[in-house]
Amino acid sequence: MFLLYNLVVHIAEFLLRIIAFFSPKIKLFVEGRKTVFSNLQGKISPGDKTIWFHAASLGEYEQGLPVIEKIKEQFPSHKIVITFFSPSGYEVRKNNTIADATVYLPLDTKYNAQKFLHLVHPEMVFFIKYEYWPNYLNELKKQKTKTYLISGIFREKQSFFKWYGGFYRNALQTFNCFFVQNESSKQLLQGIGFHNVKIAGDTRFDRVASILERDNTLDFIEDFKNGTTTIVVGSSWPKDEELLAHYINQSAQNVKFIIAPHNIKTEQILRLKDSISKKTVLFSEKDNQTISECDVLIIDTIGLLTKIYSYADIAYVGGGFGNPGVHNILEPATFGVPIVIGPNYSHFAEATALVHLEGCQPVTNENELKDAFDSLIQNKDERFEKGHICSTFVQMNKGGTDIILKHIKNDSL
């Protein structure tokens with residue numbers, strides 16, 4: 001099976017090089033991996049003690065960050081290596097200050113796994129949420145390296161739990177402990193013979209709870225908001241923006257809108273701006289206008305959304321009209337903001353829970369969007385109640401990092 005798997009990986013590697021000529025994202029994926037080993041040689045010495053964290057993309061990095069920070073405190077003499085699989089994670093966080101080396105994870109060939117682990121020689125390895133690369137896991141097992149999964153989540157449909165999933169089940173034998181998010185994940189693993197499982201919840205709750213301790217002030221948002229009820233739209237996609245533009249254009253409510261699209265390509269930003277008939281300003285143009293007089297502010301940059309949520313009276317989180325579904329709702333939730341989302345949220349436990357608790361409201365069309373917004377705008381008590389549900393939900397679910405760190409501390413004695 002390993003022979004077939006490795007053949008498929010090598011074929012994929014070849015095809016990606018061809019696709020890179022036509023896709024900017026795949027080009028980053030391919031080109032970024034060419035310098036991984038030289039970067040590691042320059043930053044990690046043979047005598048260094050290291051700890052390796054792997055995140056598929058940006059969301060998993062943010063999810064694992066509370067653990068990375070605590071591990072760095074607990075093991076100050078170790079160097080931290082962070083790898084990403086996706087350009088959308090690496091390109092945004094390649095200049096983070098917490099890691100001593102941040103690189104793409106080379107594709108999962110036997111040669112890459114052996115060379116990567118030879119250069120990094122980690123004492124401990126943490127995979128965040130998912131991604132189970134058989135060659136890397138096989139080499140880690142051979143070297144008897146302590147390996148952990150944090151914030152893991154398993155579903156019955158995954159190949160591990162099928163009759164044909166023996167190859168991937170074997171890969172799981174590398175892990176010293178699975179820190180999973182829920183009871184169903186624990187039961188699934190126990191059902192295939194893994195009992196080294198602890199429920200530690202989702203460390204994203206620790207991540208977003210810590211946001212409240214930071215300075216989230218943005219003077220230009222205060223100027224724009226100017227005391228007016230404000231709806232913040234985060235990580236919107238074109239389908240979200242189509243419905244939102246209709247609502248904005250037809251709304252007679254005394255309300256302002258801040259839109260932070262998922263994609264900030266110039267043509268998409270301009271298309272969004274042109275679809276809105278009310279007075280609209282881009283973030284990049286804000287210094288040339290009196291933004292307090294504008295109705296809509298479009299954020300055509302990255303890195304500000306979390307702080308912007310702190311100014312929201314109502315939040316709309318995008319992605320719920322497409323696949324895989326809604327984006328991160330925990331950031332507005334931690335600020336006690338009621339949330340509206342699209343219909344595709346069932347794969348996200350936190351969204352499903354908050355919908356059940358009625359802090360988050362899903363909508364399926366323009367009329368439902370209008371009803372949800374109008375009700376929240378007109379009823380301050382409803383906003384407060386739903387927002388309180390959201391903030392309480394975050395506070396009640398934090399603490400996963402402490403569970404993981406306590407185990408790691410005992411494991412390293």
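The values are calculated or read from the model by the stated rules, or taken from the named source; none is laboratory data. Being a predicted model, the structure only gives us computed values, none of them experimental. Cβ atoms come from the backbone with ideal geometry, glycine included; neighbour counts cover every protein chain shown. Ligands, DNA and RNA are stripped out before the accessible areas are found, and what is left, the full protein with its side chains, is counted by its heavy atoms. Shrake-Rupley method; radii C 1.70, N 1.55, O 1.52, S 1.80 Å.
Does region 225-248 hold any residues that are open to solvent by 50 Å² or more (accessible area, probe 1.4 Å) and over 21 Å from PRO343 (Cα atoms), and which are they?
Narrowing region 225-248 to residues open to solvent by 50 Å² or more (accessible area, probe 1.4 Å): 226-227, 237-239, 242, 246.
Across region 225-248, the qualifying residues are ASN226, GLY227.
Conditions (1) surrounded by fewer than 20 Cβ atoms within 10 Å (Cβ to Cβ); (2) modelled with pLDDT under 95, marked per residue:
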{"site": "SER88", "(1), (2)": "yes, yes"}
{"site": "GLU91", "(1), (2)": "yes, yes"}
{"site": "ASP108", "(1), (2)": "no, no"}
{"site": "TYR111", "(1), (2)": "yes, no"}
{"site": "LEU117", "(1), (2)": "yes, no"}
{"site": "SER151", "(1), (2)": "no, no"}
{"site": "GLU156", "(1), (2)": "yes, yes"}
{"site": "SER159", "(1), (2)": "yes, yes"}
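Quickly run through region 161-195 and pick out the residues that are open to solvent by 60 Å² or more (accessible area, probe 1.4 Å), part of a loop (DSSP other than H, G, I, E, B) and farther than 30 Å from LYS398 by Cβ.
LYS162, TRP163, TYR164, GLN173
Yes or no, residue by residue, for (1) crowded, with 17+ Cβ neighbours inside 10 Å; (2) more than 30 Å from GLY399 (Cβ to Cβ):
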{"residue": "ASN6", "(1), (2)": "no, yes"}
{"residue": "ILE11", "(1), (2)": "no, yes"}
{"residue": "PHE22", "(1), (2)": "no, yes"}
{"residue": "LEU28", "(1), (2)": "yes, yes"}
{"residue": "GLU31", "(1), (2)": "no, yes"}
{"residue": "ILE51", "(1), (2)": "yes, no"}
{"residue": "SER77", "(1), (2)": "no, no"}
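Out of everything in region 123-137 that is open to solvent by less than 30 Å² (accessible area, probe 1.4 Å) and of a type outside the set (A, V, I, L, M), what residue ends up being farthest from ASP202 (Cα to Cα)? Don't jump to the end; show me each part of the working.
Taking region 123-137 as the starting set, the residues that turn out to be open to solvent by less than 30 Å² (accessible area, probe 1.4 Å) are 124-128, 131-132, 134-137.
Applying the additional criterion that residues be of a type outside the set (A, V, I, L, M) yields 126-127, 131-132, 134-136.
Numbers: PHE126: 15, PHE127: 14, GLU131: 16, TYR132: 18, PRO134: 24, ASN135: 27, TYR136: 24 Å.
Applying the filter and picking the extreme gives ASN135.
Might you check whether a residue that is in contact (Cβ under 8 Å) with a residue 60 or more places away in the chain, at positive phi and under 23 Å from the mean Cα position of the chain (by Cα) occurs anywhere in region 132-153?
Yes, region 132-153 contains at least one residue that is in contact (Cβ under 8 Å) with a residue 60 or more places away in the chain, at positive phi and under 23 Å from the mean Cα position of the chain (by Cα).
Kindly list the number of the only condition in (1) open to solvent by 10 Å² or more (accessible area, probe 1.4 Å); (2) closer than 30 Å to GLU69 by Cβ; (3) in a helix (DSSP H, G or I); (4) modelled with pLDDT of 95 or more that fails for SER210.
With respect to (1) open to solvent by 10 Å² or more (accessible area, probe 1.4 Å); (2) closer than 30 Å to GLU69 by Cβ; (3) in a helix (DSSP H, G or I); (4) modelled with pLDDT of 95 or more, SER210 is out only on (4).
Within region 396-413, can one find any residue that is farther than 30 Å from MET124 by Cβ and buried (at least 18 other Cβ atoms within 10 Å of the Cβ)?
To start, the set of residues in region 396-413 that are farther than 30 Å from MET124 by Cβ comprises none.
No, that holds for no residue.
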